[in-house]
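Comments concern the structure below.
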Amino acid sequence: MGAAEKAAVAARIYRTVTEFAHHTGMSDLRFRLRAAGLHLAASAAVAAVIAGVAFGLWFPAPYRQLSDALPLFLLIAGVDLVLGPFVTGLVFRAAKPAAERRRDVGVVVLLQLLALGYGVWVLHLARPVHLVFEIDRFRVVHAADVPEDLLAAASPQWRSLPLTGPTLIAARPFRSPTESADATLAALQGVAIGARPDFWQDYAAAVPRVLERATPVSTLYARFPNQRAAIDAAVGQTGRRADDLRSLPLVSREHAWTVLLDARSAQPLAFLPLDSF
């Protein structure tokens, strides 16, 4: 077959494919895919901004793990990245007038923003606001854990929940057996003592109680010999010798970890994913 014949065959094949694409709507498919791709790029940019706010301000390490922030964010981002572009790809057709396409996309974007707004609000409520020393442990308290009706009973500096990561505070001792019984009953009903604003106090006032309850790191080595490498790594993060540290359990929703503290100031220095209760 000569060059001219090959060119003629190629031209016939091209015409056949073009006609098939025209009749099967492939041109329209490419049009819709391009629109969905642009929508996906815009949605990804918005998700990146939300990730920066969430993990840069609301959930600093290690609270993104302690508060299960990553699965929650991925769920929200997944809805954002799938819902809008997918629906755009379904409704954005070349045969529609431009005004109708703009209306369709406007409706899709509105629905997407409503879903995204709800997701960001959920993230906002799930953010950790305080790390509270509570009797014999530390507790990560989230915004959703705090009874709003008790905020007025807190000291003025704690009536507004922080937006830039949790602050270190303590729950004061009980003032009477009746108060202890009432707080215990409330805790059984889901309101932890550390989440009650009427119990919050400066951490400095609780340092002697913290050190009284804390145990030497050597206790962790003895209890968890198989976790020695993880304990060593956490000790290394503090920049201190193990003898200069103390430990206390840490609770946060579904997680139980351990906090390593300075043996003199009781300041938290490192967090260890180890249940030391």
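Structure summary
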read-out: Separation of the HIS124 and THR184 label points, Cα + 7 Å toward Cβ, nm; value: 3.9 nm
read-out: Cα-centred dipole magnitude for segment 129-277, charges only on beta-carbon of K, R (+1) and D, E (-1), debye, nearest 20; value: 380 debye
read-out: Charge dipole (debye, nearest 20) of the chain; +1 at Cβ of Lys and Arg, -1 at Cβ of Asp and Glu; value: 1020 debye
read-out: Rounded FRET efficiency, nearest 0.05, which uses the C-beta distance separating ARG253 from ALA204 and R0 of 35 Å; value: 0.85
read-out: Whole-angstrom Cα spans of segment 49-205 along principal axes, big to small; value: 76, 28, 27
read-out: For segment 259-277 and segment 211-245, distance of Cα centres in Å; value: 8 Å
read-out: Kyte-Doolittle mean at least 0.0, axial Cα span of 18 Å or more - DSSP H helices of the chain; value: 26-53, 69-91, 98-126
read-out: Solvent accessible area, Å² - LEU70, 1.4 Å probe, full protein context; value: 90 Å²
read-out: Dipole magnitude (debye, nearest 20) for segment 114-201, charges at Cβ of Lys, Arg, Asp, Glu; value: 220 debye
read-out: Residues whose placed amide H lies under 5 Å from that of PHE138, excluding near-sequence neighbours; value: LEU250, VAL251
read-out: R0 of 45 Å, Cβ-Cβ distance ARG103-ARG228: FRET efficiency to nearest 0.05; value: 0.10
read-out: Candidates ARG175, ARG64, ARG223, ranked by Gaussian network fluctuation over the chain, Cα under 10 Å, top entry; value: ARG175
read-out: Relative contact order [Cα under 8 Å, 6+ residues apart], segment 98-210, whole percent; value: 28 percent
read-out: Sequence-separation-based contact order of the chain, relative, with Cα cut under 8 Å and 6+ spacing, percent; value: 14 percent
read-out: Computed over the chain, Cα set: Rg, Dmax in Å; value: 28.7, 104
read-out: Options LEU260, ALA229, GLY190, ranked by Cα towards positive dipole end of segment 138-277, top entry (Cβ charges); value: ALA229
read-out: Calculated [θ] (222 nm, deg cm²/dmol) that DSSP helices of n ≥ 4 give over the chain, each run adding -39,500 (n - 2.57); value: -17000 deg cm²/dmol
read-out: By accessible area with a 1.4 Å probe, ligands and nucleic acids excluded, highest first: order of HIS255, HIS142, HIS39; value: HIS255, HIS39, HIS142
read-out: 18 Å reach of a label modelled at PHE277, 7 Å along Cα-to-Cβ, counting backbone N of segment 176-193; value: 184-193
read-out: Furthest towards positive pole of dipole, PHE86, PRO208, LEU245, structure part the chain, Cβ charges; value: PHE86
read-out: Computed over segment 180-277, Kirkwood Rh from alpha-carbon pairs, angstrom; value: 14.6 Å
read-out: Alpha-carbon centroid distance for the pair segment 51-86 / segment 145-202, whole angstrom; value: 27 Å
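The values are calculated or read from the model by the stated rules, or taken from the named source; none is laboratory data. This structure is a prediction, so every number in the text was calculated from the model and none was measured. Here Cβ is always computed from backbone atoms with ideal geometry, including for glycine, and neighbour counts include all displayed protein chains. Ligands, DNA and RNA are stripped out before the accessible areas are found, and what is left, the full protein with its side chains, is counted by its heavy atoms. Shrake-Rupley method; radii C 1.70, N 1.55, O 1.52, S 1.80 Å.
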